[in-house]
Amino acid sequence: MEQYHGLEGHDGPGHEGPGLHAPGNSNGGAVGVNAGENDAGAGLHAYVRSHRGEVEKQLAEWVRVPGVLGDPEHTQDLLRSANWLAAAFRETGFPVVEVLPTGESHAVYAEWCEAPGAATVLVYSHHDVRAAKPQEWDQTAPFEPVVRDGRLYGRGSSDAKGQVLAHLWAIRAHLEQRSSGFGVPGDSTAVPAVNLKYLVEGEEEGGSPHLAQLLEEQAGRFQADLVLFSDTLLWREDHPALCVSLRGMLSASLEVYGPGRDVHSGAVSGNAPNPAIELGRLLSLLHDAHGRIAIPGFYDGVEPLPGDLRQALADLPFSDEDWLARSESGAITGEEGYTVLERLWLRPAVEVTSLIAGDPLGVSRAAVPAVATADLSFRTVPGQRVEKVAGLLQRWVETTIGDAFGHSVVPDLTTAQEPYRTPDHPAVSALERAMAAGFKAEKVGRMGNAGGGPAALLSRSLHAPVLFFGTGLVEDHWHDSDESASLDVLLDGAVTLACLWEELAQTHYAKDDGDGHPGQ
C-alpha cells in the first residue's frame, strides 16, 4: 500500500472550425485495429506509462481537496479544487485559463486554439464530488488517498477527477508526439492539432443548476464543432465500449401527511392514518407485476429501441455472474422483455433513493408519524420530456393516494436533464479508432450510460453533437464508499484522447445546421 499526503492548502500543480468528413463507419457496430502496427500508439503508451508515478501523485493530491458540493463547510474547498485544476492546466501549457464563479461553486475554463482550419472541440467534465460517510469506508478515509492493487482509492478519484486528469496527460503525450515523435529532442512550441476548450464545472453533482446560465452568458466563448462529454463509464477494463447515449434525469420529493403531529401509537393505533404505511403502498404501486412503471401515460412517446444498438449491446461480453460481481447489486430485477443492458441504458426507470418516517435514528418514541417522505429518481429516454413526466407523477399521486392523507409532490425541474443520443457523425468513427489504439483492443463495442448529465443542454446551447468518453467502471463505486480508479484505465484513456486529437485533425467535417447533427 502506498499513501499520499500531498500539501495542505496547495491550490494546484476561440476558433470556429469547418465541418467533419472521415473514412470509416459512423453507424452502430464495432471497429478494430492491429495495435501492434500503430507505432504512434506504442509511443504514446510508452510515454504515459513512463509518467505513471506523476499521474498517481497528481491525482492523490487533488483527491485530498474535499470539494464536496452542497456542504457549506466545503465551499472554500470547491474553490481550492478549481484553483488546483486551473494551475494544472497552466502547467500543461494552456495559454488561456480562468476560474469562473457559478452559484456557490466555481467552474474552470481552459482554451488552446492555435490550429487554424481544424476542428474545435469543447470537453465537458466536473471537479465537484459527492459527500462521503467515512464510517462506511474500509480501504481508507474518503480524502486520504491510497494506492492498492493498481487502484487509487478516494472520493472523486474516478468521478470525475481521474477522468479530467487523463485529459491533461493526453495533452502532454499529444504535444510530445507532435514535437519530437518521442525520444528525440524536438520543438518546444508544439500546439494541439485541434482547437481545444475545456469546461470543468463545480456543480454537476447537484444537477448543474447554473450551467445553462453560464452557457448563455458566454455562448461565443464556448462555441465548438463537437462536444466531448467526459463523465461516463466504460464497459469493462478488458473490453472497452463507446458510449453513445445518456438517460435523462428527474428528481422528485414525495411527502405524505397523516396526523397533525406525531401521536403515541398506544393512544390512537388502529384508527389514525399512518403516512408511512400509505407511502409504502404508493411506492409499491409504482411498478406493475411485469416491472413496468405503472404511472398512466408514462411510456407515451418513448421511441422504439434502435435495432443496430440492441445488437451492439447483445455483442458485449455479458453474464449475470460477472455483472452481479462487478455491480454488487445482489440480484437482477426490472422490466420484462428487455435484457439487463437494455434496461440499464435504453429503457426508463424510477428508483427510491431516500425513505424517512418516524424515528429512523436514536430511541424510538413508538409514535405514529405525522409525515413520511421519499425521494424519487426518474431516468428518462428519447421521446420523453422531464416536464411531462413531472406532471404525470403529480396526477398519479393525486388520484392514487388515500382520502385520509394529505400530500406534496415537488419535482426538481431546475436540475432535471433530458436524455441524449449521439447522432451519426464522422467523429464517432474517429473516437472508435482512438479507443481501439488506446486500449489495444481488437474491437470497440457500443454502450450507453445509465445515469444523467447535461449532454442535451450542451448540444442545444452550442448547436453541436455530443460524443462521450469516460474512464469510469461500474466497480469504481461512484457515489459509494471506497470509490477508486484503475490507474491502468486512466493511462489507456489518456492514450485514447491523444490519438483522438490526431484522428480529428485528419478528419474534415461540415459544421452542423444547428440541431446537433452534421450538415451535408
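A few comments on the model shown:
- From GLU61, GLU56, residue being surrounded by 16 or more Cβ atoms within 10 Å (Cβ to Cβ), under 23 Å from PHE439 (Cβ atoms), of a type in the set (D, E, K, R) and at pLDDT 95 or above: GLU56
- Failed item, numbered, when GLY362 is tested on (1) open to solvent by 40 Å² or more (accessible area, probe 1.4 Å); (2) under 28 Å from LEU473 (Cα atoms); (3) not hydrophobic (A, V, I, L, M, F, W, C): (2)
- Condition check for LEU254: aliphatic (A, V, I, L, M), open to solvent by less than 80 Å² (accessible area, probe 1.4 Å) and not in a strand (DSSP E or B): no
- Segments classed as helices (runs of 4 or more DSSP H), wholly inside the stretch 357-472, with at least 1 members that are among the hydrophobic types (A, V, I, L, M, F, W, C) and farther than 24 Å from LEU500 by Cβ: 386-400
- Cβ separations smaller than 9 Å between residues 6+ apart or across chains give the following pairs from the stretch 460-486 residues that are on the phi > 0 side of the Ramachandran plot to residues that are at pLDDT below 95: HIS463/LYS511; HIS463/ASP512; HIS463/ASP513; HIS463/GLY514; HIS463/ASP515; HIS463/GLY516.
- Summed over the stretch 419-459, the residues that are open to solvent by 20 Å² or more (accessible area, probe 1.4 Å), closer than 26 Å to GLY41 by Cα and among the hydrophobic types (A, V, I, L, M, F, W, C) give a count of 1.
- Residues that are open to solvent by less than 40 Å² (accessible area, probe 1.4 Å) and under 17 Å from ARG421 (Cβ atoms), drawn from the stretch 315-343: LEU341, GLU342
- Count of the stretch 381-429 residues which are among the hydroxyl-bearing types (Ser, Thr, Tyr) and more than 20 Å from the chain's Cα centre (by Cα): 4
- Failed condition for VAL96, given (1) open to solvent by 30 Å² or more (accessible area, probe 1.4 Å); (2) in contact with a strand residue (DSSP E or B) (Cβ under 8 Å, 6 or more places away or on another chain); (3) over 23 Å from ALA170 (Cα atoms): (3)
- So LEU286, is it surrounded by 14 or more Cβ atoms within 10 Å (Cβ to Cβ) and closer than 30 Å to ASP359 by Cα: yes
- Among the residues of the stretch 393-413, the one identified as aromatic (Phe, Trp, Tyr) and open to solvent by 30 Å² or more (accessible area, probe 1.4 Å) is PHE405.
- Residues of the stretch 326-344 that are under 22 Å from ALA294 (Cβ atoms) and either outside any loop (DSSP other than H, G, I, E, B) or among the acidic types (Asp, Glu) (or both): GLU335, GLU336, VAL340, GLU342, ARG343, LEU344.
- Count of the stretch 263-305 residues which are part of a loop (DSSP other than H, G, I, E, B), modelled with pLDDT under 95 and more than 31 Å from the chain's Cα centre (by Cα): 3
- Search result, residues across the stretch 473-510 that are closer than 30 Å to GLN218 by Cα and surrounded by fewer than 24 Cβ atoms within 10 Å (Cβ to Cβ): GLU502, GLU503, ALA505, GLN506, THR507, HIS508, TYR509, ALA510
- Complete set of residues in the stretch 143-167 that are in a loop (DSSP other than H, G, I, E, B) and either crowded, with 24+ Cβ neighbours inside 10 Å or touching a Pro at 6+ places or on another chain (Cβ under 8 Å) (or both): PHE143, PRO145, GLY154, ARG155, GLY156, SER157, SER158, ASP159, ALA160
- Lone unmet requirement of (1) open to solvent by less than 10 Å² (accessible area, probe 1.4 Å); (2) over 23 Å from SER329 (Cα atoms) for ALA416: (1)
- If you go through the stretch 229-246 and keep only what is in a loop (DSSP other than H, G, I, E, B), open to solvent by 20 Å² or more (accessible area, probe 1.4 Å) and in contact with a strand residue (DSSP E or B) (Cβ under 8 Å, 6 or more places away or on another chain), you end up with just GLU237.
- Residue check for ALA374: buried (at least 18 other Cβ atoms within 10 Å of the Cβ) and more than 31 Å from the chain's Cα centre (by Cα): no
- Among the residues of the stretch 75-86, the ones that are of a type outside the set (S, T, N, Q) and open to solvent by 40 Å² or more (accessible area, probe 1.4 Å) come to 2 in all.
- Residue among GLY220, GLY280, GLY260 that alone is at negative phi and touching a strand residue (DSSP E or B) at 6+ places or on another chain (Cβ under 9 Å): GLY280
- Residues located in the stretch 118-142, provided they are assigned to a loop (DSSP other than H, G, I, E, B) and touching a strand residue (DSSP E or B) at 6+ places or on another chain (Cβ under 9 Å): ALA118, ALA119, HIS127, ASP128, ARG130, ALA131, ALA132, TRP137, GLN139, THR140, PRO142
The values are calculated or read from the model by the stated rules, or taken from the named source; none is laboratory data. As the structure is a computational prediction, the values presented were derived from the model and not from experiment. Please note: Cβ atoms are built from the backbone with ideal geometry, for glycine as well, and neighbour counts cover all protein chains shown. The accessibility values were calculated without ligands, DNA or RNA, using every heavy atom of the protein model including side chains. Shrake-Rupley method; radii C 1.70, N 1.55, O 1.52, S 1.80 Å.
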